[in-house]
């Protein structure tokens, strides 16, 4: 009888607790999960539910008021804005992917389309870029590593990387490898270290500090009628 009463009380608490549903169109976005974990430990916290979904599913759920928030990137925000009337959004993070080569490499600028051919597998040698026939040592962030979202979405356009791309398991690894290999090309998150013998390439004529640099991915929290203040504050200060 006591067990039954306890079960009923627990069920009542679970049913009556406020729910905050979040759809993640980036897929296991770590800043979001860290922020939600911190919020969930606060007194009288609501129940948070996070699901990985497509942009189309997120737009449909927002329109039908089936979800409070959606997380997206600057690459798929326009699609959400097109499908969801009166969508509100706020940028909470940014990820810039630099393209690094050894400091003596003669190349200074590379078109984004060429980057896609290199890391997608079609191009394997330097001959088309600096006149040498050396193979390109390709390095990029692995899944779950800082820089992966920008690499997989903006460079690969959701396609798998080529088999000859070494996927790093640590955020600093791509630039360290580029610093130690004369024929490497690495995609990674910028880290200012004076001992790294690398230079960062322009992409489509834009350097990584340019507002038009094509390998910067912004993260957005989107909503229609929810109150975003508490969640955005935690996202910006996890």
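Read-outs throughout are calculated quantities, based only on the coordinates presented, and are distinct from any laboratory measurement. Here the structure is a predicted model, which means the values were calculated and not measured. Cβ: placed from backbone, ideal geometry, glycine included. Neighbour counts: every protein chain shown.
Observations on the structure shown:
- Crossing angle, helix 2-16 versus the chain [Cα axis fit, 0-90 degrees, rounded to tens]: 60 degrees
- The orientation-averaged projection of the convex hull spanning the C-alpha atoms of the range 67-130 amounts to 7.0 square nanometres.
- Cα centroid separation - the range 48-75 against the range 102-154, whole Å: 33 Å
- When the helices of the chain are scored as -39500 (n - 2.57) per DSSP H run of n ≥ 4 and the total is divided over every residue, the value at 222 nm lands at -8500 deg cm²/dmol.
- Estimated distance in nm for a label pair at residue 209 and residue 113, the labels positioned 7 Å out from Cα along Cα-to-Cβ: 3.0 nm
- Across the range 86-238, counting alpha-carbon atoms alone, Rg and Dmax equal 16.9, 58 Å.
- Axis of helix 30-40 versus longest Cα principal axis of the chain: the two differ by about 20°, to the nearest ten degrees.
- Highest GNM mean-square fluctuation among 210, 179, 54, for the chain modelled with Cα contacts below 10 Å: 210.
- GNM result for the chain, Cα springs below 10 Å: residue of 69, 129, 151 fluctuating most strongly: 129
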